[in-house]
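Here the structure comes first, spelled out in structure tokens, and everything after it is commentary.
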Amino acid sequence: MLACITMTTTSTLGALIRESRLAKGMSMGQLASAVGRTAASVRRWERDEVVPGADVVERLAAVLELDLDDLAALVGPQGSFTISSDAEPAAVVLDPNTWALLEAVDFQKR
């Protein structure tokens, strides 16, 4: 029986990815192949060095059988923003509050 990995047992996206991968008995290389990336990318995600791009997060959710909302809630420090060098080109992931703030600042400049 697989252990249930929930938001209450993990504090970072990397920890959730690692715990879920191990619970499924997958190596870094197997997970990397399943989501179309390298084992080095998986290692960097698990160490919270970079955040996977949105397309990869969706594939991770499917492969690891995780709720996409749980993954999205852990993207970035406290859900703010993170520049990901894992995707080409680099992606910026923003939470709704940060996005709204940027839109408000842009609107004021017009």
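The values are calculated or read from the model by the stated rules, or taken from the named source; none is laboratory data. Please read these numbers as outputs of a predicted model, since none were measured by experiment. Quick reminder, even Gly has a Cβ in these numbers, built from the backbone with ideal geometry, and neighbours come from all protein chains shown.
Criterion first (modelled with pLDDT under 90 and touching a Lys or Arg at 6+ places or on another chain (Cβ under 8 Å)) does VAL50 satisfy it?
In short, yes.
When the residues of segment 10-43 are filtered to those that are in contact with an Asp or Glu (Cβ under 7 Å, 6 or more places away or on another chain) and not aliphatic (A, V, I, L, M), which remaining residue is modelled with the lowest pLDDT?
Of everything passing the filter in segment 10-43, THR10 is modelled with the lowest pLDDT.
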